1. Could you list, in sequence order, the residues of segment 34-89 that are open to solvent by 30 Å² or more (accessible area, probe 1.4 Å) and of a type in the set (Phe, Trp, Tyr)?
2. Can you tell me how many residues within segment 28-53 are within 13 Å of the ligand (Cβ to nearest atom) and either farther than 12 Å from Tyr85 by Cα or not hydroxyl-bearing (Ser, Thr, Tyr) (or both)?
Amino acid sequence: MGEDDKVICNDDSPVKYLTLEDVKCHNSCTSTWLVIHDKVYDVTKFLDEHPGGEEVLFEQAGGDATESFEDVGHSSDAREMLTQYCIAELDPADRKKENSKDVLITTSSSHSSWWTNWLIPALAAAVVGLMYRFYLVETKTSS
Ligand code: HEM
């Protein structure tokens with residue numbers, strides 16, 4: 001809270017971490033921070049310039065705006081602009097929640113498809129085998 005010394009997020013700078021709690025406090029027009037892809041952005045000076053309007057930024061102020069940012073389908077120019085407003089990285093402890101949810105979804109879906117992956121081809125092979133047998137019997141009886 002109250003960290004005013006800015007750090008630009010590139011490889012040469014020391015990394016500064018902020019928690020979601022820290023970001024929450026900056027949700028006014030005098031100080032507007034938001035999180036996009038685990039990085040913290042101070043968009044206070046960008047409010048007037050944002051082509052999408054300041055209201056949408058206010059709505060996301062003090063929280064994680066990753067989904068809204070991606071939903072709009074921002075251009076690569078917009079993504080490059082992000083770097084100039086980056087003040088810190090999100091504390092790794094606050095990132096885990098999002099990542100662990102992803103892992104859960106992946107594991108459960110891959111587990112459920114494991115047996116269907118071989119069961120469907122096996123059934124198809126059995127049907128083809130039966131049809132072939134039937135065809136052989138048919139040709140024998142007709143000749
Ligand atoms: C620092 C963060 C952001 C930057 C640098 C940024 C930058 C830009 C830029 C350059 C555009 C013009 C279109 C483009 O080039 O894609 C734009 C449009 C827009 N942005 Fe953002 N944006 C930011 C965050 C957000 C967030 C969090 C939202 C939340 C909903 C948002 C919503 C929009 C909307 C609705 C438009 C208008 C799209 C349209 O007219 O087609 N932006 N933004």
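1. Answer for segment 34-89, where residues must be open to solvent by 30 Å² or more (accessible area, probe 1.4 Å) and of a type in the set (Phe, Trp, Tyr): Phe58, Tyr85.
2. Count: 18.
The values are calculated or read from the model by the stated rules, or taken from the named source; none is laboratory data. Keep in mind the model is a prediction, meaning the values are calculated, not measured. Neighbour counts run over all protein chains shown; Cβ positions are idealised from the backbone, glycine included. We work out accessible area using only protein heavy atoms, side chains counted, and drop any ligands, DNA or RNA first. Shrake-Rupley method; radii C 1.70, N 1.55, O 1.52, S 1.80 Å.
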